[in-house]
Every structure is written in C-alpha cells, then in structure tokens.
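Data block below; observations after.
Just so it is clear, none of the values below were taken in a lab; they were calculated from the coordinates. All of these numbers come straight from a predicted model, not from anything done at the bench. Here the Cβ positions follow ideal geometry from the backbone for every residue, glycine too, while neighbour counts run over all protein chains shown.
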Amino acid sequence: MTQEKEMSFLNHLEELRWHLVRSIASIFIVGIGLFSVQEFVYNEFLLAHIDPNFITYRLFCDFFSFFGVDSNFCTLDYPNTLQVLKPTQQLMNSIWSSFILGAIVSFPYILWEFWRFISPGLHSNEIKKSRGFIFTASLLFFIGVLFSFYVIAPISVNFLYTYQISDKLVNQFTMESHIGLITNMLLGVSIMFELPVIVYFLTKIGLISPEFLKRYRKHALVLVLILAAIITPPDVASQIIVAIPVLILYEISIKVSKRVIKKQQKNVNK
C-alpha cells in the first residue's frame, strides 16, 4: 500500500514536471517570437509612453481642455532618447523583456496547463461548473494589462518625467529603469486583478469565507494600498488609481465567496 502511494506521489510529481516544462516552453517560444520583432515591441509598446502623442495623453488633454482647465498633458516634452550605460545592456534588456512579455502573452496557456493538472482530482460536476475558469482568469488578467498600459503607466511616466525638485537637477533616465518600470507595472497590476479567481479557490478549499473577507476589509484596504505603492511609482495618483479597481474587485470577491459557500451548502443538503 505504501509503495502504491509512493508511486502515485511520484507519478503526480512527474506529471507536474511536464506541465511546468510545457508552460516554460510556451514562454520561451513566445519570447523568441517577440525578440525577433523587438524593434516593433519597443517602439509600439515598451517605449510608447515617452511619445507625447500617446493616445492617453491626447485623451487627457482633450478632457481637461473641454472643461477649460490647463493641463501639462497638452504640452508634454519627453526626451526622444533614453541612456544606455553598458555595451550589453540593450541585448540583455531585450532578452529579459521578451520573456516577461512572453509570460504575459502565454498566460492563458499556462492557466490551461495548470487546469489540466488539477482537473483529474475534481468531480465531474465541479469540472462542469469550472469550465469558464480559464476564460474568466485570462479576461481579468488582460483587463489588468490594458488598465496598466493605458491608464497607470501614462500617469506614472508623466509624473516621474515631469517631477523636478530644482532647476539645478536634470532628469536623465536610462533604458533599463524605464523598461523595468513598465514591465513591473504590467505584471503587478495584472496579477492583482486575479483577486476574484484566487478568492474562489481559497473559498473552495475552506481557507477563507465571506465573513472573513468582510471582517478584514479595512486590513485589506491597507494591504492594497501597500501593494499599489510597491507596484507603482511613489505618486499618490497612481496608487489611488490602482487601488480603486482592486477594492472593487475585493467587493466582487466577497460575492464570489458567498456564492461558493451557498453552492457547497446546497450540495451538502441534497
């Protein structure tokens, strides 16, 4: 019996290993594809926010102009170039960024591999009810990506690139710091948008409940603000803009947790 259990455990480990291998392989494949079009990726995506004509800046300019309010979004003047301080920096940054973006693009496939690993341990009715898991989790993740790219990143770049303590200080940003800022925000905000999915699974296995989430709502607010401060630059506007949708998702998560508990109780009473 012990040998059978041991074999079963080893088989699960082997299966998990192959799911991880395929997930990592997908990141590498997508990453290599993005690396092959790196100029397009940098100009249209990673460096898009230093272009004064970026769509968000134009929308903000039009918005403030409509109400007759002067805004620096209409007179942006960012540097056309970023500094590269090491001979290998462009190559290494391009490789690293390609794999980070590869992980973002591959997210639905990675979720699918995760689902394939856990689904054999679920009952048929649980599998049926969880069919929308990959779609919902991927949708939330990519909403986080879009929200970060079109809202958080432009506001953060505008704040950091225009902030100046004294005329005697000159902002001279490096490529590495700018790309790191953008990729960190993309990943961080997108993961935070997965809150309802995380709560769903934690409620399923009995680690949290709607009462727990309600009781610690104030603590969650503080935690969200701390996470927002870590993910975004140190400006209050970006932190609040990140915190608001995450707090809305927290309230949605309470309802998700309630629904899971209600279904579990209904199944017990059958």
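Could you sort out which of K204/K262; K218/K262; K86/K168 sit more than 22 Å apart by Cα distance in this structure? Correct reply: K218/K262; K86/K168.
Using Cα centres only, tell me the gap between the stretch 157-203 and the stretch 16-89 in whole Å. Cα centroid of the stretch 157-203 versus Cα centroid of the stretch 16-89: 12 Å apart.
Descending by average beta-carbon neighbour count within 10 Å, the peptides 34-43, 222-231 line up as 222-231, 34-43, the highest first. Under a Gaussian network description of the chain, with springs only between Cα atoms under 10 Å, the residue in G180, G102, G206 that fluctuates furthest is G206. For the listed peptides 69-81, 160-172, a ranking on the average number of other beta carbons within 10 Å per residue, highest first, reads 69-81, 160-172.
Across the chain, C-alpha contacts under 8 Å between residues 6 or more apart give a mean separation that, scaled by the residue count, equals a relative contact order of 20 percent. Principal-axis analysis of the Cα atoms of the chain puts helix 153-162 at an angle of about 30° to the longest axis. Highest mean packing comes first when the peptides 21-33, 187-199 are listed by Cβ atoms within 10 Å, giving 187-199, 21-33. Annotation: amide H-H contacts under 5 Å for T174 (H modelled 1.01 Å from N, sequence separation of 5 or more, or interchain): Q83. Please check: in the Gaussian network model of the chain (C-alpha springs, under 10 Å), which one of S97, S253, S119 has the largest mean-square fluctuation. Taking springs between Cα atoms under 10 Å, the residue moving most is S119.
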